Amino acid sequence: MHSAAARREQDILALWDRAAGRARRQRDDALFTAAGAAPTDSIGAGNAALLILRTKLFGAPWQLRAACPACHTDCEFVADSAVLADGLAPPADAAPPRIALGDNELTLRVPALSDLAGLAAAPDRVAAAQSLLTRCLGDATPAALDQDALDRIEAELERCDPGAIVAFALDCPDCNHTWQAVIDIAPALWVEVQAAAERSLLEVDALAREYGWSEAEVLALPRARRAAYLQLVGAS
Ligand SMILES: [Zn+2]
């Protein structure tokens with residue numbers, strides 16, 4: 001019978017197996033799938049699923065960092081991934097996004113996780129917005145969009161799926177600049193998964209070398225005993 005901590009470690013390693021060494025978009029997909037999000041889910045719902053998975057693996061307090069855009073100081077802050085997850089589901093009563101372009105009023109589909117795949121190849125924000133729009137608007141997509149139209153589309157999509165973009169109001173401790181730091185949930189979770197998995201692998205490596213134990217044997221050691229052995233072999 002494994003302890004809860006041992007099960008979490010196994011889950012983290014299994015997640016790392018599925019995502020390590022892959023391109024950003026495939027890695028994000030692997031994380032969304034592991035979190036139980038469907039390709040048809042909205043991006044906000046996908047982010048909520050990732051945060052629920054994150055809370056299960058690492059607990060609710062979440063150490064994050066963002067560079068101050070004014071002075072580039074690396075600012076650390078703590079979020080609560082459980083509370084955050086609760087606020088990301090799309091509002092149930094949201095009307096479908098509509099946008100007036102010229103004389104036409106067009107209805108869009110809220111982008112889904114599967115729409116993100118097409119964005120990886122876009123060279124810039126305008127191309128990405130155009131590509132997303134083509135997917136969500138289909139044949140009615142205008143050939144070119146001006147900045148005003150792009151801004152309005154972005155605002156309208158944000159109204160319909162506010163959880164697609166997760167931002168934190170931060171104050172820079174160095175220069176007092178205040179700004180909204182946008183955190184991309186999938187890459188931020190991946191940083192954490194990768195760090196935890198690498199720590200586990202280093203521990204397995206140190207004890208396997210010293211005692212000849214298998215990976216499974218090292219991972220099955222109770223936490224305190226593994227830490228004690230690591231100390232004995234000078235690996236912690
Ligand atoms: Zn600053």
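Only the coordinates and a few stated rules stand behind these numbers; no lab work does. In this text the structure is predicted, and so the values were computed from the model without any measurement. With ideal geometry, Cβ positions are generated from the backbone for all residues, glycine too; neighbour counts draw on all protein chains shown.
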3J(HN,Hα) from dihedral phi, segment 165-171, Karplus parametrisation 6.51/-1.76/1.60, rounded to Hz, x for glycine, proline
10, 10, 10, 10, 7, 10, 10
Based on the Cβ-Cβ distance of Gln231 and Ala92, what FRET efficiency does E = 1/(1 + (r/R0)^6) give at R0 = 41 Å, to the nearest 0.05?
0.20
Net +/- balance of residues flanking Ser236 in space, Cβ distance below 13 Å, scoring K and R +1, D and E -1
+1
Those cysteines in the chain that have no second cysteine Cβ within a distance under 4.7 Å are Cys75, Cys136, Cys160
Cα gyration tensor shape of segment 98-160, rounded if a/c is under 1.5, else prolate or oblate by comparing a/b with b/c
prolate
Taking square-rooted eigenvalues a ≥ b ≥ c of the alpha carbon gyration tensor, is segment 92-236 rounded, prolate or oblate, where a/c under 1.5 means rounded and, failing that, a/b exceeding b/c means prolate?
prolate
If the chain between Arg22 and Thr73 were fully stretched, how many nm would it gain, using 0.36 nm times the residue separation less the Cα-Cα distance?
15.4 nm
Listed peptides 40-49, 151-160 by packing density, highest first (mean Cβ within 10 Å)
40-49, 151-160
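Find the relative contact order for the chain and round it to a whole percent, using C-alpha pairs within less than 8 Å whose residues are 6+ positions apart. It would help to have the intermediate numbers written out before the result.
Values: 287 pairs, mean separation 50.9, N = 236.
In percent, rounded to a whole number, it is 22.
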Taking 12-20, 64-72 and ranking on average Cβ neighbours within 10 Å, highest first, one gets 12-20, 64-72
Once amide H atoms are placed 1.01 Å from N in the peptide plane, what residues at a sequence separation of 5 or more from Val166, or on another chain, have their amide H within under 5 Å of its amide H?
Ile183
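Of the listed peptides 106-119, 220-233, what is their order by residue-averaged count of other C-beta atoms within 10 Å, with the highest listed first?
Those peptides, ordered most packed to least, come out 106-119, 220-233.
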On a 0 to 90 degree scale, rounded to 10, what angle separates helix 24-34 from the longest Cα axis of the chain?
70
Between 0 and 90°, nearest 10: helix 223-232 axis offset from the chain longest Cα axis:
60
Which whole-Hz ³J(HN,Hα) couplings does segment 189-197 yield from phi under the Karplus relation 6.51 cos²θ - 1.76 cosθ + 1.60, θ = phi - 60°, glycine and proline marked x?
5, 4, 4, 5, 4, 5, 4, 5, 5
If you add up the charges near Gly102, with Lys and Arg at +1 and Asp and Glu at -1, over every other residue whose beta carbon is less than 13 angstrom from its beta carbon, what do you get?
-3
